[in-house]
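Undergrad: Attaching a single structure in structure tokens format; questions to follow.
Just so you know, all these numbers are worked out from the coordinates, no wet-lab data involved. Everything numeric here is computed off the predicted structure, so don't read it as measured data. In this analysis, Cβ positions are derived from the backbone assuming ideal geometry, glycine residues included, and neighbour counts consider all displayed protein chains.
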Amino acid sequence: MIDAMPPSTPHEPPARPGEFAPVRIGPLSVWPPVVLAPMAGVTNYPFRAICRRFGAGLYVSEMITARPLVEGNAKTLKLADFGPDESPRSLQLYGVDPYYVGEAVKRLVGEGHVDHIDMNFGCPVRKVTSKGGGAAIPAKPRLLAAIVRAAVRNAGAVPVTIGPL
Ligand SMILES: Cc1cc2nc3c(=O)[nH]c(=O)nc-3n(C[C@H](O)[C@H](O)[C@H](O)COP(=O)(O)O)c2cc1C
């Protein structure tokens, strides 16, 4: 059974007020400046809910693939879910095609589903890079620019970062 209380950290006292500045991501002020990084297959809602008790400022979802999201794939939609208590809602989006990335962002933002979008351009796993995704995208700077442009153009006031965070 998981303890109701986070473990104490006897050697590291909590940060004093003002010791660290918040991290600003567009309109978001992330406090404390500690982020649960996106991890595919790991940082889903139940995992984020467990981590939330440890007091980070931002918890990024696991990687959500743009195309199945646009096509309404039930499993992808479920993975993209947030809990009612999650704020800000940070989602990592993965895509290799600017069209699907743009449409996915339009949908996520249009439905008011997210407060922050992080784009995956750092995943080194062969399964991902062999399809030209993740860390393989920056090797094609024009494609990288097109994907980022498609995301930002459709994001409105929702800030877009590129990862790894
Ligand atoms: C199991 C696992 C899955 C990961 N999946 C992703 C991912 O989907 N997207 C991503 O941008 N980074 C992914 N990462 C990288 C992490 O987000 C993070 O950048 C990396 O672990 C370095 O942070 P650390 O030094 O705090 O471990 C993954 C890392 C691990 C260990």
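Undergrad: Could you check the spin-label model distance between S29 and K75? Points 7 Å from the Cα along Cα→Cβ, value in nm.
TA: Between S29 and K75, the label points sit 4.2 nm apart.
Undergrad: Moving to a separate point now. If each DSSP helix of 4+ residues adds -39,500 (n - 2.57) and the sum is divided by the residues in the chain, what number results at 222 nm, nearest 500 deg cm²/dmol?
TA: -8500 deg cm²/dmol
Undergrad: Just to check I understand the Karplus step: with θ = phi - 60° and J = 6.51 cos²θ - 1.76 cosθ + 1.60, what whole-Hz values come out for segment 141-156, glycine and proline as x?
TA: Each residue of segment 141-156 in turn: x, 5, 5, 4, 4, 5, 5, 5, 4, 4, 5, 5, 4, 9, 8, x Hz.
Undergrad: Moving to a separate point now. Using Cα atoms only, what is the angle between the long axis of helix 98-110 and the major principal axis of the chain, expressed in degrees (0 to 90) to the nearest 10?
TA: Tilt relative to the chain: about 50 degrees.
Undergrad: Something else now. Could you check what % of the DSSP bridge pairs in the chain are antiparallel, to the nearest 5?
TA: Beta bridges within the chain, antiparallel portion: roughly 20 percent.
Undergrad: Whole-Hz ³J(HN,Hα) for each residue in segment 56-67, computed from phi via Karplus 6.51 cos²θ - 1.76 cosθ + 1.60 with θ = phi - 60°, x for glycine and proline: what do you get?
TA: Going residue by residue, I get 6, x, 8, 10, 8, 5, 6, 5, 10, 7, 4, 4 Hz, with x marking Gly and Pro.
Undergrad: Now for a different question. When the Cα centres of segment 28-76 and segment 86-165 are compared, how far apart do they sit, in Å?
TA: Their Cα centres are 14 Å away from one another.
Undergrad: Amide H to amide H under 5 Å from L93: which residues, 5+ apart in sequence or cross-chain, H placed 1.01 Å off N in plane?
TA: I64, D118, M119, N120
Undergrad: What's the tally of Lys pairs in segment 23-163 whose alpha-carbon atoms lie under 23 angstrom apart, where the two lysines are 8 or more places apart or on different chains?
TA: 7
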